[in-house]
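The values are calculated or read from the model by the stated rules, or taken from the named source; none is laboratory data. Note that this is a predicted model, so its numbers are computed, not measured. Positions of Cβ are generated from backbone atoms using ideal geometry, with glycine treated the same way; all protein chains shown enter the neighbour counts.
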């Protein structure tokens, strides 16, 4: 099963800290937060990734283009006019990574629509490139397969600026953008989606969290996988520092590997 990662937005709330780098490529613990998310999935055996790039997409491509080299011990031999490189050992993960330029101003739904040909007619996972958690992805996938609906999202109870859910059992009955006074169950990403989801997305201007999710709610096709453990997005410098400190202290819940 492929994993789609949204990594194309500007990230205006954290952009001032580093305008030369897309938010998913900002580093915590010496690695981009995007890498940490990918490690979460690969821990459960999912190693095929499709990255929806956009803003400064070349930075994402450059990082992965050099990942094998930077994760390896190498010997360079220039003797006798040679220019040879020998790989002695490598700690590079056995991943397949497809990076797609989904446009600079494309909305979240549009980015997902643009990678349809890479997903094909298969169930796939999708999450945002700026949040980590300790959700059991194996259990999430099994839950999705059992209920047979088009979409499953992971729901958490956090005081964050995300989409608010009204849940009965595990069925999502309503979905709306969060108000400042809310402290409710919210959309944390980590979704499992059937290929029918592409029928709910019109084009580049479609915000996935608006029309598509609300249409799924109307049809009773959106289910929630309630996660009571750790989840943290990285919307600003303060949250970035929190994640960095957890890694430094060795208490990062998402780091299961």
| said: Cβ-Cβ under 7 Å, sequence separation 6+ or interchain: first residue in the stretch 244-256 and free of Cβ contacts under 8 Å to residues at least 12 places away in the same chain and on the phi < 0 side of the Ramachandran plot, partner in a loop (DSSP other than H, G, I, E, B) and crowded, with 16+ Cβ neighbours inside 10 Å. Which pairs? | reply: 246/252
| message | Checking residue 52 against (1) in contact (Cβ under 8 Å) with a residue 24 or more places away in the chain; (2) within 15 Å of the chain's Cα centre (by Cα); (3) not in a strand (DSSP E or B), only one condition comes out false. Which one? | response | (3)
| query | Can you pull out the residues in the stretch 238-257 that are assigned to a loop (DSSP other than H, G, I, E, B) and surrounded by 12 or more Cβ atoms within 10 Å (Cβ to Cβ)? | reply | 252, 253, 254, 255
| query | Quick check: is even one residue across the stretch 35-46 at pLDDT below 95, touching a strand residue (DSSP E or B) at 6+ places or on another chain (Cβ under 8 Å), buried (at least 17 other Cβ atoms within 10 Å of the Cβ) and part of a loop (DSSP other than H, G, I, E, B)? | reply | no
| said: Checking the condition touching a strand residue (DSSP E or B) at 6+ places or on another chain (Cβ under 9 Å), on the phi < 0 side of the Ramachandran plot and in contact (Cβ under 8 Å) with a residue 60 or more places away in the chain, which residue from 60, 74, 132, 97 passes? | reply: 132
| Restricting the stretch 131-174 to residues that are closer than 10 Å to residue 224 by Cβ and in a loop (DSSP other than H, G, I, E, B), the residue that is modelled with the lowest pLDDT | 169
| task | Give the residue, chosen from 225, 198, 208, that is surrounded by fewer than 20 Cβ atoms within 10 Å (Cβ to Cβ) and at pLDDT 95 or above. | result | 198
| field | Among (1) at pLDDT 95 or above; (2) surrounded by fewer than 20 Cβ atoms within 10 Å (Cβ to Cβ) - the single one residue 81 does not satisfy | value | (1)
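Regarding residue 107, is this residue within 28 Å of residue 248 (Cβ to Cβ), out of contact with any helix residue (DSSP H, G or I) (no Cβ under 7 Å at 6 or more places or on another chain) and modelled with pLDDT of 95 or more? Show your work before the answer.
Details: within 28 Å of residue 248 (Cβ to Cβ): no; out of contact with any helix residue (DSSP H, G or I) (no Cβ under 7 Å at 6 or more places or on another chain): yes; modelled with pLDDT of 95 or more: yes.
No, not satisfied.
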